[in-house]
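Remarks on the structure that follows.
The values are calculated or read from the model by the stated rules, or taken from the named source; none is laboratory data. Treat the numbers as computed from the prediction; the structure is a model and nothing was measured. Heads up, the Cβs are rebuilt from the backbone with ideal geometry, glycines too, and the neighbour counts pull from every protein chain shown.
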Ligand SMILES: [Zn+2]
């Protein structure tokens, strides 16, 4: 039999799909792969950052201020007194790798946060709400607890994570990166992180005053107010329900046999 070569039919290498549909599929597929790789990379970096020694973190962020922070005057009495209180409380954490800096944000909305490098921010609104030094000490002690557990590194937003990663690699500090406090506090802490921070905060307060009287008084007031109003919504949105915290703190005090009576120190302003 003689083989008669036959020309393949016209367009055999062209798929039956419309070329635009094919291009679309390709683009979607490539994008999906790219996004998956990027997400994986950020995830790996987040874990890697957690292993950056606290000392390195403190150096990277020394002198750093969030871009969106409106600070009060350096001569503000509340600023000086609260910084002194932070120092006294931090003294009970013997191996603290940070030199804690306190700043007051000129906002009427109550909030407190722990930011990289040992920066603690409280708002004017929070200071307006506290009625004794013991109440303030617990709020600050709680933030110290986040540093202790390094929660503040786990709560970083994606953009900050990537910037920080390159800062670590290149050895630059982050002062010029324009990082905002709101970039960092995008993700809240888990319930477990919060209750661990509460436990540490209470232990610090107890070491400072010899008792935990009125440490949770601020939250007792907030829990009993049915209409909390705008002034404290920010703090409540980033922390567990005040009623639950009060209960948990009472439990810790009883469990550890800590005094719940004792002299309450008035605010110095
Ligand atoms: Zn917290």
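Screening 246, 254 for residues that are out of contact with any strand residue (DSSP E or B) (no Cβ under 8 Å at 6 or more places or on another chain), free of Cβ contacts under 8 Å to residues at least 24 places away in the same chain and not in a loop (DSSP other than H, G, I, E, B) leaves exactly one candidate, 254. Looking at residue 158, is it within 14 Å of the ligand (Cβ to nearest atom) and touching a helix residue (DSSP H, G or I) at 6+ places or on another chain (Cβ under 9 Å)? In short, no. Checking each residue in the stretch 233-243 for being in contact (Cβ under 8 Å) with a residue 40 or more places away in the chain, within 17 Å of residue 142 (Cα to Cα) and not in a loop (DSSP other than H, G, I, E, B) picks out 234, 235, 237, 238.
Residues are listed down the side, and each one gets a yes or a no for (1) surrounded by fewer than 21 Cβ atoms within 10 Å (Cβ to Cβ); (2) within 11 Å of the ligand (Cβ to nearest atom):
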{"residue": "118", "(1), (2)": "no, no"}
{"residue": "123", "(1), (2)": "no, no"}
{"residue": "129", "(1), (2)": "yes, no"}
{"residue": "132", "(1), (2)": "yes, no"}
{"residue": "145", "(1), (2)": "no, yes"}
{"residue": "150", "(1), (2)": "yes, no"}
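Within the set 184, 179, the sole residue that is more than 14 Å from the ligand (Cβ to nearest atom), within 23 Å of residue 124 (Cα to Cα) and under 18 Å from the mean Cα position of the chain (by Cα) turns out to be 179. Looking for something surrounded by 12 or more Cβ atoms within 10 Å (Cβ to Cβ) and at pLDDT 90 or above - is there at least one such residue anywhere in the stretch 42-51? No - not one qualifying residue is present in the stretch 42-51. Across the stretch 219-242, the qualifying residues are those that are at pLDDT 90 or above and under 17 Å from residue 199 (Cβ atoms), and the one among them that is surrounded by the fewest Cβ atoms within 10 Å (Cβ to Cβ) is 242. What do you reckon, is residue 190 in contact with a helix residue (DSSP H, G or I) (Cβ under 7 Å, 6 or more places away or on another chain) and free of Cβ contacts under 8 Å to residues at least 24 places away in the same chain? So residue 190 does not fit the description; no.
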